[in-house]
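The values are calculated or read from the model by the stated rules, or taken from the named source; none is laboratory data. Since the structure is predicted, the reported quantities are computational estimates derived from the model, not experimental observations. We place every Cβ from the backbone using ideal geometry, glycine too, and count neighbours over all the protein chains shown.
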2 protein chains.
Amino acid sequence: MTLTVGELSESGLLARIFPRLDRSASVLLGPGDDAAVVAAPDGRVVVSIDTLVQDRDFRLRWPNGYASTGYDVGWKAAAQNLSDINAMGAVATSLVVSLTLPAATPVSWAEGVAEGLNAAIRELGATDCSVAGGDLSGGSEIVVTVAVMGTLQGRNPVLRSGARAGDTVALAGTVGHAAAGWAVLESTVPTVPPVPPAPPVPPASPVPAADAGLAADAGLAAVVGLFCRPRPPLAAGPAAARAGATAMLDVSDGLTRDAGRLAGASGVSLDLDPSALQRLAAPLAGTAALLGADPLDWVLGGGEDHGLLCTFPAGVTLPDGFTAIGSVMPGAVSTPPVTIAGSAADAVGWDHFAV
Amino acid sequence: MTLTVGELSESGLLARIFPRLDRSASVLLGPGDDAAVVAAPDGRVVVSIDTLVQDRDFRLRWPNGYASTGYDVGWKAAAQNLSDINAMGAVATSLVVSLTLPAATPVSWAEGVAEGLNAAIRELGATDCSVAGGDLSGGSEIVVTVAVMGTLQGRNPVLRSGARAGDTVALAGTVGHAAAGWAVLESTVPTVPPVPPAPPVPPASPVPAADAGLAADAGLAAVVGLFCRPRPPLAAGPAAARAGATAMLDVSDGLTRDAGRLAGASGVSLDLDPSALQRLAAPLAGTAALLGADPLDWVLGGGEDHGLLCTFPAGVTLPDGFTAIGSVMPGAVSTPPVTIAGSAADAVGWDHFAV
């Protein structure tokens with residue numbers, strides 16, 4: 001018999017979750033009171049909130065047979081929130097988590113969420129961060145909401161609105177891999193070899209380079225792994241801020257759509273370099289061929305890798321992990337917000353409510 | 001035709017939500033970037049998270065015919081989170097909100113959530129607070145999660161663990177009214193007169209006294225109103241901290257259960273005064289008679305009024321809004337955590353997963 005959360009009291013379930021969570025020095029008072037207390041050393045706190053919903057953001061059983069684990073969902077919930085702090089040029093200090101779980105949810109699945117949250121924080125390099133508190137609710141479907149806090153370490157936040165004509169457009173991390181992974185999961189192509197329980201994260205290099213290993217094909221397991229457990233480049237955001245980045249956001253809804261948001265907020269146009277886009281698409285060619293897809297569609301339209309899109313003043317040496325992918329052009333009513341070698345890029349990407 | 005959220009884009013829905021939200025000075029950078037920036041003037045931030053789930057915490061149509069509005073749910077989501085900050089002796093600075101909405105949700109209902117959030121912040125007196133950001137998701141049922149941040153204004157947080165034998169046990173706000181309101185909603189007794197769209201909040205007195213108007217019967221509409229739109233006494237938490245409170249928590253799961261938590265964390269026993277409990281139950285007598293219930297069950301077992309349970313050193317003049325309801329006794333293995341005139345109080349209260 002599988003033990004379910006409905007068979008435990010709330011305190012019984014919490015007693016299984018807390019031991020799976022590390023505690024960072026930023027968390028001055030952890031779970032157990034009505035609220036936690038977290039350090040905000042420069043007198044400001046950066047905050048964001050993000051939610052994963054069963055059958056929208058993940059499936060317990062995908063068409064291709066893969067079963068999203070609690071570990072996957074906990075990892076992804078942490079990663080996408082850590083990415084929002086990264087995109088401000090800040091460093092995460094804590095997460096608070098709300099879990100809504102049907103009574104039939106296996107306790108082991110809920111324990112996996114805690115383990116995935118904790119592993120993502122640790123393995124992605126958010127060493128100042130830990131889970132400071134949380135909330136449990138019953139519901140008819142699984143909903144995992146994480147709010148994340150961070151510190152700017154005395155710097156100004158990097159906004160979407162600061163890009164200027166002449167700036168270089170650069171990317172850290174990957175784009176399109178998660179979209180390719182999603183396409184595999186939604187296909188009838190089984191994930192072979194099986195997705196490993198935790199992705200290997202290079203311990204030495206804190207910033208995965210945007211084009212690291214792009215010559216090699218990413219492979220099915222890798223793209224599915226990146227969809228399930230994204231790897232935002234958490235050292236890249238603060239590095240970009242220190243290097244003088246003029247604007248930044250994380251690519252969560254697709255490169256074209258998110259580039260359009262940056263362009264709109266800054267009153268400019270972003271022109272992307274087709275050869276750079278081709279290099280970003282190259283490692284997805286094998287998966288695309290298997291599914292009859294165009295890897296460039298994934299690069300331009302796919303979100304959820306949580307790479308960083310950034311603009312830097314021309315001539316700045318790009319920080320480790322960033323690759324130039326275009327340049328900022330003056331905005332004009334007649335200019336599309338995002339172009340590829342001067343031609344309008346279609347605005348494709350994810351909308352939570354649009355059919 | 002009712003316009004539904006499924007007919008709007010995410011940005012279209014946000015464009016209807018943002019104008020309904022005020023902005024406080026604590027929010028240094030509001031919605032529009034990957035994260036918000038909030039002031040944390042003493043270098044620390046107090047944080048909590050809480051969730052309301054459709055058909056668990058509220059119903060769109062109750063057995064007695066009442067329909068929970070978006071305004072109700074937004075108000076309650078804000079109020080229960082503001083109460084957690086209050087219970088630490090802190091002052092709220094910002095909320096971030098995640099809304100999970102089925103596509104068929106009327107846009108007006110979602111707008112109501114924003115209006116209710118904003119109204120609760122303003123009318124409960126959280127003048128330093130506003131909504132700093134949020135997230136929208138699709139889902140099969142409505143889930144509203146709020147994370148709240150606050151400032152300790154240089155004080156130490158008041159924990160659950162500081163009560164000492166000899167302390168006075170005191171309460172601010174009400175207990176049992178929300179439970180009575182819930183019982184009405186779950187009954188076949190219609191709410192007459194209709195629940196007003198917004199509860200009258202006394203503008204002059206920031207701390208509703210625990211026994212204000214207890215001589216009068218609260219009435220059906222009032223208890224339903226307090227369940228739907230609780231009124232935590234937000235000035236009482238900081239006032240208690242300034243007065244030297246030794247322990248504090250908000251009564252969200254029932255007086256007996258929450259008193260037991262404070263007793264357990266402090267290693268003491270709380271002995272409650274039966275005459276004080278009777279005074280708390282008196283305004284619920286009329287509703288209880290109508291439903292064939294015992295109002296003391298609501299006082300002892302009902303949560304969600306979000307009153308404050310607090311212990312003060314003996315001899316301290318209780319701050320405005322607090323009423324003495326018992327005293328702290330030495331803890332011992334043989335002593336129940338909560339007694340009423342020396343006899344064990346049954347541990348009743350709300351558990352999210354227990355059947």
Query raised in the report: What single numbered condition from (1) more than 25 Å from the chain's Cα centre (by Cα); (2) within 11 Å of another protein chain (Cβ to nearest Cβ) fails to hold for residue B:3?
Result: (2)
Query raised in the report: Where residues in the range B:65-116 are over 13 Å from the mean Cα position of the chain (by Cα), assigned to a helix (DSSP H, G or I) and of a type in the set (Ser, Thr, Tyr), which of them is farthest from the other protein chains (Cβ to nearest Cβ)?
Result: B:71
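One line per residue, one yes/no per condition, for (1) hydrophobic (A, V, I, L, M, F, W, C); (2) surrounded by fewer than 24 Cβ atoms within 10 Å (Cβ to Cβ):
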| residue | (1), (2) |
| --- | --- |
| B:90 | yes, no |
| B:106 | no, yes |
| B:111 | no, yes |
| B:116 | no, no |
| B:137 | no, yes |
| B:140 | no, yes |
| B:144 | yes, no |
Report summary line: Exactly one of A:35, A:78, A:25, A:40 is in contact with a helix residue (DSSP H, G or I) (Cβ under 7 Å, 6 or more places away or on another chain) and under 14 Å from residue B:44 (Cβ atoms), and that residue is A:35
Report summary line: Filtering the range A:160-177 down to residues that are part of a loop (DSSP other than H, G, I, E, B) and crowded, with 24+ Cβ neighbours inside 10 Å yields A:163, A:167, A:173, A:174, A:175, A:176
Query raised in the report: Which condition number does residue B:140 fail, the rest of (1) at the interface with chain A (Cβ under 9 Å from one of its Cβ atoms); (2) touching a residue at least 60 places away in the same chain (Cβ under 8 Å); (3) assigned to a loop (DSSP other than H, G, I, E, B) being met?
Result: (2)
Query - Selection from the range A:25-48 of residues that are within 7 Å of chain B (Cβ to nearest Cβ) and buried (at least 21 other Cβ atoms within 10 Å of the Cβ) - result: A:33, A:34, A:35, A:36, A:37, A:38, A:40, A:44, A:45, A:46, A:47, A:48
Report summary line: Within the range A:246-301, residues touching a Lys or Arg at 6+ places or on another chain (Cβ under 7 Å) and closer than 22 Å to residue A:50 by Cα come out as A:247, A:249, A:261, A:262, A:265
Report summary line: For residue A:287, the lone unmet condition from (1) farther than 28 Å from residue A:64 by Cα; (2) under 23 Å from the mean Cα position of the chain (by Cα); (3) in a helix (DSSP H, G or I); (4) hydroxyl-bearing (Ser, Thr, Tyr) is (1)
Report task. Tell me, yes or no, whether the range B:300-314 has at least one residue that is over 20 Å from residue B:250 (Cβ atoms) and in a loop (DSSP other than H, G, I, E, B). Result -> yes
Report task. Could you check residue B:210 against (1) farther than 21 Å from residue B:303 by Cβ; (2) surrounded by 24 or more Cβ atoms within 10 Å (Cβ to Cβ); (3) at pLDDT below 90 and say which number it fails? Result -> (1)
Query - Residues located in the range B:8-20, provided they are within 11 Å of chain A (Cβ to nearest Cβ), part of a helix (DSSP H, G or I) and touching a residue at least 40 places away in the same chain (Cβ under 8 Å) - result: B:10, B:13, B:14
Query raised in the report: Could you say whether any residue in the range B:267-278 is touching a residue at least 24 places away in the same chain (Cβ under 8 Å), over 30 Å from residue B:75 (Cα atoms) and in contact with a helix residue (DSSP H, G or I) (Cβ under 6 Å, 6 or more places away or on another chain)?
Result: yes
Query raised in the report: How many residues are surrounded by fewer than 14 Cβ atoms within 10 Å (Cβ to Cβ) and either part of a strand (DSSP E or B) or within 14 Å of chain A (Cβ to nearest Cβ) (or both) when one looks only at the range B:53-64?
Result: 1
Report task. Return the total of residues in the range B:332-355 being away from every other protein chain (no Cβ under 14 Å), at pLDDT 90 or above and surrounded by 14 or more Cβ atoms within 10 Å (Cβ to Cβ). Result -> 4
Query raised in the report: Residue check: is residue A:332 small (Gly, Ala, Ser) and closer than 18 Å to residue A:217 by Cβ?
Result: no
Query raised in the report: In the range A:143-159, which residue that is in a strand (DSSP E or B) and of a type outside the set (A, V, I, L, M, F, W, C) is nearest to residue B:47 (Cα to Cα)?
Result: A:150
Requested in this report: Can you confirm whether the range B:67-85 contains a residue that is touching a Pro at 6+ places or on another chain (Cβ under 9 Å), among the β-branched types (Val, Ile, Thr) and farther than 15 Å from residue B:109 by Cβ?
Outcome: no
Report summary line: Restricting attention to the range A:21-35, the residues that are in a loop (DSSP other than H, G, I, E, B) and either under 27 Å from the mean Cα position of the chain (by Cα) or on the phi > 0 side of the Ramachandran plot (or both) number exactly 9
